[in-house]
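The values are calculated or read from the model by the stated rules, or taken from the named source; none is laboratory data. As the structure is a computational prediction, the values presented were derived from the model and not from experiment. A quick note on method: Cβ atoms are made from the backbone with ideal geometry, for glycine too, and the neighbour counts reach across all protein chains shown.
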Amino acid sequence: MSDKASGEGIGQPVRRKEDFRFITGNGHYTDDITRPRQTWAYFLRSPHAHARIRAIDTSQAEQAPGVVAIFTGKHVAADKLGGLICGWTVSSKDGTPMKVGPHPILALDTVRYVGDHVAMVVAETLADARAASELIDVDYEPLPATISLDTCQNGNAEQVHPEAPRNTCFEWELGNKPETEAAFAKASRIVKLDLKNNRLIPNAMEPRAALGEYDKGSGIYTLHTTSQNPHVARLVLSAFVGVAPEHKLRVIAPDVGGGFGSKIFIYAEETACVWAAAKVGRPIKWTGDRSEAFLSDAHGRDHLSHAELALDGNGKFLALRVKTIANLGAYLSTFSASVPTYLYGTLLSGQYDIPAIYVEVDGVYTHTAPVDAYRGAGRPEATYLVERMVETAARETGIDPAEIRRRNYIRTFPHQTPVIMNYDAGDYEASLDAAMKAIDYAGFPARKSEAARRGKLRGIGMSSYIEACGLAPSAAVGSLGAGVGLWESAEVRVNPTGNVEVLTGSHSHGQGHETTFAQLVASRLGIPMEQVEIVHGDTDKVQFGMGTYGSRSGAVGMSAIVKALDKVEAKAKKIAAHLMEAAVEDIVFENGTFTVQGTDKSLPWAQLALSAYTAHGFPSADIEPGLKEGAFYDPTNFTFPAGCHICEVEIDPDTGITRIEKFVAVDDFGTIVNPMIVEGQVHGGIAQGIGQALLEHGIYDAESGQLVTGSYMDYCMPRADDLPSFTLGFTKTVCPSNPLGMKGCGEAGAIASPPAIVNAITDALGIRDIEMPATPARVWSAIQAATPRAAAE
Amino acid sequence: MPVVAMTVNGKPASADVEARMLLVQFIREQLGLTGTHVGCDTSQCGACVVHVDGRAVKSCTMLATQAEGAEILTIEGLAPDGDLHPVQKAFREHHGLQCGFCTPGMIMTAVDMIRRKPDLDEETVREELEGNICRCTGYHNIVKAILAASQEMR
Amino acid sequence: MYQFNYERPKSLADAEALLAKADDPKLLAGGQTLIPTLKQRLAMPSDVIDIGGLKELDFIRAEGDAIMIGAATKHATVANSADVRKHNPALAALAGGIGDPAVRHMGTLGGSIANNDPAADYPAACLALDAKIHTTKRLIEADEFFKGMFETALQDGEIIREVTFPHPEKAAYMKFRNPASRYAMVGVFVSKGPWGIRVAVTGAGQNGVFRVSEMEEALAKNWSPDAVANVKLPAKGMNADLHGSAEYRAHLVTVMAKRAVAAAG
């Protein structure tokens, strides 16, 4: 690595390259783009959770001012477009594949959730389109709706899809049942807990949007869309939906205002916009408003679990068994089947040596919006379960929560868990110790008594989390049912003047790739960062890539860049050897200069770059002109970020308000390229975890299936005064499976924090459990239930 | 249709608009100043905050006609000569933004906040941010940036 | 939003004339409630008459034992007014806690009370401070003005000009915010003044703002937080939703009242 660029090198908190355009209002988000002759789309959505559509009469709406065209499911069917797909097939324990109901782009004869897409109105203005949509006469036959996870598998529950009896998409299992049963049989103590993991609504601040265009001359479709993975969108829209052949469809994800998983998926709206653009012969823009986002973005979490942990007499874990019902919503979304299965069950060993684990997950349909990956995706649900169980075990055995964790930590690596994962490196106790020190764990009893003197209830809770990210080895995920590989691609283009474009299949929507990726390239090539341009998000520019989610862009995306840089360097050395008349083995490349070992011959980077393109006198058999290399990197293992978060809360028993007084996060992410950006990722993750634990809950009315929390009036978004400043720390064990030793940091905060907070609240209140979100009302009720006489002092 | 005329970032701007046109639509669609964003439809997220006659308002909750004769300042006009405003600088220096979508509203709110309350502390900054929602940063670095800028501007 | 005609009268008299002439008019002051309502297509007025810029409605005057505040005076102006802060700091604090800073730069006193949102703050202040609401037609006592959720004594064509707030001896407002919307889930305004003692509650009740006579009587005997601490309200008549049960809201009324009395000193 270059010393010259030390201010910008790996490990430096380099200020972000992308910021200038965002702080000056010069970003380009999808809705900022306007085309000549552009029309606007508005989607008429189902007001019913479940209804048969007897007829749709659009005749009056078609006459409304400004209307260009109206499309319904019949038009989609007439064009023989396919439906939206789930790219991951999960099989039930009996070996049968999951039961999938069709997912049409516009409803044909049935609507299955409030917000389901019924018709698309295309008009001169958004106001015209919306006004016309009110004139569409849909003859609905309302049907009962299945909403509750408790009852959705009952024989008499209304069916969401005839293909899936008892509304059950799959009954999946993982682990070894007989071994687990045997371990339970000899346990000296069994800890049991019923846990809910509350439904969340992602709420990236930029609502989803799409701009579809069709060029009649070339037959090329262009779709600007709010996507975390434009190539995957193009693949699905071409190969499965059939909008256009892949080479005739360009998908561009420009600046994207946050994703958190919700923009991985391929939705009806962008599909309809790009398809219909050819029909109307004009560009069509759709920009969702927040209410539409609440109704139609894929939601997250929503599990109901029963868990049992077997311990021996010394507090050592013997086995864990778990039964989970996971809500999939009304339709399978792009990756939804993988989330409560392979991203969940595989993490149930946590940081602990648990000899036997058995988990059963029923994926079920309900008449609610689809549920898919949301920051953490399966791993927060697993961590919540494990860390609530461990905390409860500590309380029931009387062993200190830190001590019981220490007794059970995995200490040798690699470690094969009973649930697929092979942990490669880690030092869990180091993070625990650092976190306990940072929060002054020893001083907690004094702080608790001081709070009690003020009439406040203080509690402390910890969470030793692990996640599997850096998704993922293609062979591994392929064997588990993925329809795609999860490698990443990169291309490094050295221009004749020596500056560099890096084309990456990763996509940045807040993560700062333009900075961190440039840091990597600049330090490797010994050139200033401003000479490196990171190009992403356009299928016309960038080779096929898999996009950004699952904390994969560092560990996988940057590894692909490293691999491409290796090739660039190899070729550059060959050219340098030729130009300096030396053997390739004698060429040294350091600080942006090629030298011949043992001589004073040298060649600066820029000169080499120019020579690569002038190509004068190259031996054509040996050296091609040019300097541009691509690489595809397929990881050999998942990566395993881990750490310890500790939270200290204070509860006002009069109001039930919980305030987070201290929050410490100590994480092991392996190598860190830019600590400033990594800290920012952790902050944001913790905030979303605090949101889950204290504030956020997506609620449907159990009877009508209406979304009760359909706006910020009722869905409680974390605001600045809900949160404290966070104290962060880092420990480091290098990830052995990728060239930079990186593990990934994007999801850790959201994975680790909820159980730490709930452990702290239950500690403060002296109760066994409280459901998330622990709202003031819930906390107050819990206090009333625990001490009925102390009510309303 | 009413004619509306105002000054936006120091330049006169006028147009025939529908009475129902919001100020944010006038700014984004009529003037093409797309730095001001819309993140919700219940006047809560603050992505649309601009200054009207020197005070922060939510441009999604104001008709364009209500701004008749007013001086409007948007994120694009905050540092017209290329030299960044101290609040813009602080957001960059302290990593107070990630996806950038809430950022223009955050910065305009912060500039107004510092104008009204030069002696800010952390608690006040957090309270004052009630009308601005960020999903990326957990606010940690936004708060840090605003405090740093207020120090700088003292 | 549906289409409407927009009118910007130059005087209150013009506004009255326009109001009388229009089919189904709405007055626009700051618009912080009306515009979101229009955006959600929950209202379809024929005419929107913008009185927000009328100078004759934008004033704060301290005269004798009262403060007069023009109907189009913005929350931020009230919150920062030296007169209000001096004579009625509880009212200044209440205005400074409505919505968020940007909302306070637009929202007005008149708009707030004319709308009478059951979770709005100003109605509690009006009721607890024995405010007089002067309209283009008459004077309405606060006790007579608020008629349940979103309902007031205002008649068609009647416009609020100003509100007179007599100075209290002691007063404070304590609000428990709805965690999501940040509106008052329970707001309690307590006061002591020429009118005696008043306790007004906003946010909690199914019929909007109301007074709590049991608390007023208890405070009359003993002005102290302890006096209200033992007054428990029945859950009946309280709102209940995903943010809290009726019992919880009833309990919060007592807690907020206690804290308000403590803050009032």
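Scanning region A:264-291 for residues that are outside any helix (DSSP H, G or I) and farther than 25 Å from A:Tyr549 by Cβ gives A:Gly281, A:Arg282, A:Pro283, A:Ile284, A:Lys285. Meeting the requirement of 3 or more residues that are farther than 30 Å from A:Ser508 by Cβ, the strands (runs of 3 or more DSSP E) wholly within region A:608-694 are A:642-652, A:657-668.
Counting only helices (runs of 4 or more DSSP H) wholly contained in region A:439-540, the ones carrying 1 or more residues that are more than 25 Å from B:His95 (Cβ to Cβ) and β-branched (Val, Ile, Thr) occupy A:474-479. Do we find that C:Ala200 is more than 14 Å from chain A (Cβ to nearest Cβ), more than 18 Å from C:Pro118 (Cα to Cα), in contact with a strand residue (DSSP E or B) (Cβ under 6 Å, 6 or more places away or on another chain) and in a strand (DSSP E or B) in this structure? Considered against the rule, which asks whether it is more than 14 Å from chain A (Cβ to nearest Cβ), more than 18 Å from C:Pro118 (Cα to Cα), in contact with a strand residue (DSSP E or B) (Cβ under 6 Å, 6 or more places away or on another chain) and in a strand (DSSP E or B), C:Ala200 comes out as no.
Within 24 Å of C:Met106 (Cα to Cα), surrounded by fewer than 20 Cβ atoms within 10 Å (Cβ to Cβ) and in contact with an Asp or Glu (Cβ under 9 Å, 6 or more places away or on another chain) - does that describe any residue in region B:139-149? For region B:139-149, residues within 24 Å of C:Met106 (Cα to Cα), surrounded by fewer than 20 Cβ atoms within 10 Å (Cβ to Cβ) and in contact with an Asp or Glu (Cβ under 9 Å, 6 or more places away or on another chain): absent. For A:Gly485, the conditions (1) buried (at least 18 other Cβ atoms within 10 Å of the Cβ); (2) touching a Ser or Thr at 6+ places or on another chain (Cβ under 8 Å) all hold with the exception of (1).
Does region B:117-131 hold any residues that are within 13 Å of chain C (Cβ to nearest Cβ), farther than 22 Å from A:Leu728 by Cβ and not hydrophobic (A, V, I, L, M, F, W, C), and which are they?
We begin by selecting, within region B:117-131, every residue within 13 Å of chain C (Cβ to nearest Cβ); these are B:117, B:120, B:124-131.
Now narrow it down to the ones that are farther than 22 Å from A:Leu728 by Cβ: B:117, B:120, B:124, B:127-128, B:130-131.
The answer is B:Lys117, B:Thr124, B:Glu127, B:Glu128, B:Glu130, B:Gly131.
Quick check on C:Ile98: is it assigned to a loop (DSSP other than H, G, I, E, B) and within 12 Å of the chain's Cα centre (by Cα)? Yes; evaluated as a whole, the condition is true for this residue. When the residues of region A:9-48 are filtered to those that are aliphatic (A, V, I, L, M) and more than 28 Å from A:Gly512 (Cα to Cα), the one that is surrounded by the most Cβ atoms within 10 Å (Cβ to Cβ) is A:Ala41. The residues of region B:23-52 that are in contact with a Ser or Thr (Cβ under 7 Å, 6 or more places away or on another chain) and assigned to a strand (DSSP E or B), listed by number, are B:Val49, B:Val50.
A count restricted to region C:103-122 and to residues that are part of a helix (DSSP H, G or I) and either among the hydrophobic types (A, V, I, L, M, F, W, C) or over 17 Å from C:Ile67 (Cβ atoms) (or both) stands at 7.
Listed here are the residues, each with its yes/no results for (1) touching a residue at least 24 places away in the same chain (Cβ under 8 Å); (2) crowded, with 23+ Cβ neighbours inside 10 Å; (3) more than 14 Å from every other protein chain (Cβ to nearest Cβ).
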{"position": "A:Ala438", "(1), (2), (3)": "yes, no, yes"}
{"position": "A:Ser449", "(1), (2), (3)": "no, no, yes"}
{"position": "A:Ser463", "(1), (2), (3)": "yes, yes, yes"}
{"position": "A:Val477", "(1), (2), (3)": "yes, no, yes"}
{"position": "A:Arg493", "(1), (2), (3)": "yes, no, yes"}
{"position": "A:Pro496", "(1), (2), (3)": "yes, no, yes"}
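Please verify whether A:Glu703 is crowded, with 24+ Cβ neighbours inside 10 Å and more than 10 Å from chain B (Cβ to nearest Cβ), treating the condition exactly as stated.
Numbers: crowded, with 24+ Cβ neighbours inside 10 Å: no; more than 10 Å from chain B (Cβ to nearest Cβ): yes.
Taking the combined requirement at face value, the residue does not satisfy it.
Taking the condition in a strand (DSSP E or B), small (Gly, Ala, Ser) and at pLDDT 95 or above, does A:Ala55 pass? Let's see the steps before the verdict.
On the way: in a strand (DSSP E or B): yes; small (Gly, Ala, Ser): yes; at pLDDT 95 or above: yes.
When the stated conditions are applied, A:Ala55 passes them.
A:Asp652 meets all of the listed conditions (1) within 13 Å of chain B (Cβ to nearest Cβ); (2) out of contact with any helix residue (DSSP H, G or I) (no Cβ under 6 Å at 6 or more places or on another chain); (3) of a type in the set (Asp, Glu) but one, namely (1). Restricting attention to region B:22-37, the residues that are buried (at least 24 other Cβ atoms within 10 Å of the Cβ) and within 8 Å of chain A (Cβ to nearest Cβ) total 3.
If I ask for residues that are within 11 Å of another protein chain (Cβ to nearest Cβ), of a type outside the set (A, V, I, L, M) and within 14 Å of the chain's Cα centre (by Cα), which ones from region C:73-95 would you list? Quick ask: steps written out before the conclusion?
The initial filter retains those residues of region C:73-95 that are within 11 Å of another protein chain (Cβ to nearest Cβ), namely C:74, C:76-77, C:79-80.
Then keep just the ones that are of a type outside the set (A, V, I, L, M); that gives C:74, C:77, C:80.
The one that is within 11 Å of another protein chain (Cβ to nearest Cβ), of a type outside the set (A, V, I, L, M) and within 14 Å of the chain's Cα centre (by Cα): C:Lys74.
Residue count for region C:227-251, restricted to those that are exposed (fewer than 14 other Cβ atoms within 10 Å of the Cβ) and more than 11 Å from chain A (Cβ to nearest Cβ): 2.
Rundown of residues vs (1) touching a strand residue (DSSP E or B) at 6+ places or on another chain (Cβ under 8 Å); (2) buried (at least 21 other Cβ atoms within 10 Å of the Cβ); (3) of a type in the set (Gly, Ala, Ser); (4) within 14 Å of chain B (Cβ to nearest Cβ), yes/no style:
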| position | (1), (2), (3), (4) |
| --- | --- |
| C:Lys10 | no, no, no, yes |
| C:Asp14 | no, no, no, no |
| C:Ile51 | yes, yes, no, yes |
| C:Glu56 | yes, no, no, no |
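Mind listing whichever residues of region A:95-148 are assigned to a loop (DSSP other than H, G, I, E, B), farther than 30 Å from A:Asp362 by Cα and in contact with a helix residue (DSSP H, G or I) (Cβ under 7 Å, 6 or more places away or on another chain)?
Filtering region A:95-148 for residues assigned to a loop (DSSP other than H, G, I, E, B) gives A:95-96, A:98-109, A:112-116, A:124-125, A:134-136, A:143-148.
Remaining after also requiring farther than 30 Å from A:Asp362 by Cα: A:124-125, A:134-136.
The answer is A:Leu135, A:Ile136.
Checking each residue of region A:385-396 against the condition of being surrounded by 24 or more Cβ atoms within 10 Å (Cβ to Cβ), within 18 Å of the chain's Cα centre (by Cα) and not charged (D, E, K, R) gives no match. Under the condition of being outside any helix (DSSP H, G or I), hydrophobic (A, V, I, L, M, F, W, C) and within 9 Å of chain A (Cβ to nearest Cβ), the residues counted in region B:62-109 number 7.
If I filter region A:728-744 for residues that are at pLDDT 95 or above and within 13 Å of another protein chain (Cβ to nearest Cβ), do I get at least one hit? Among the residues of region A:728-744, at least one is at pLDDT 95 or above and within 13 Å of another protein chain (Cβ to nearest Cβ), which makes the answer yes.
Hey, among the residues in region B:132-142 that are without any contact (Cβ under 8 Å) to a residue 40 or more places away in the chain and on the phi < 0 side of the Ramachandran plot, which one's farthest from the other protein chains (Cβ to nearest Cβ)? Please lay out each step first, then the result.
Filtering region B:132-142 down to residues without any contact (Cβ under 8 Å) to a residue 40 or more places away in the chain leaves B:134-136, B:138-140.
If we keep only those that are on the phi < 0 side of the Ramachandran plot too, we end up with B:134-136, B:140.
Numbers: B:Cys134: 7, B:Arg135: 5, B:Cys136: 5, B:His140: 4 Å.
This residue is B:Cys134.
Could you check, for region B:39-59, whether at least one of its residues is without any contact (Cβ under 8 Å) to a residue 60 or more places away in the chain, more than 10 Å from chain A (Cβ to nearest Cβ), within 14 Å of C:Gly31 (Cα to Cα) and of a type in the set (Val, Ile, Thr)? Yes, some residue in region B:39-59 is without any contact (Cβ under 8 Å) to a residue 60 or more places away in the chain, more than 10 Å from chain A (Cβ to nearest Cβ), within 14 Å of C:Gly31 (Cα to Cα) and of a type in the set (Val, Ile, Thr). The criterion of being within 16 Å of the chain's Cα centre (by Cα) and either more than 21 Å from B:Leu31 (Cα to Cα) or within 13 Å of chain C (Cβ to nearest Cβ) (or both) holds for B:Ile114.
Residues in region A:695-727 that are without any contact (Cβ under 8 Å) to a residue 60 or more places away in the chain and not in a helix (DSSP H, G or I): 7 in all.
Would you be able to say whether some residue in region A:158-168 is aliphatic (A, V, I, L, M) and part of a loop (DSSP other than H, G, I, E, B)?
Restricting attention to region A:158-168, the residues satisfying the condition of being aliphatic (A, V, I, L, M) are A:160, A:164.
Checking the rest, the ones that are also part of a loop (DSSP other than H, G, I, E, B) come to A:160, A:164.
Taking every residue of region A:158-168 in turn, at least one turns out to be aliphatic (A, V, I, L, M) and part of a loop (DSSP other than H, G, I, E, B).
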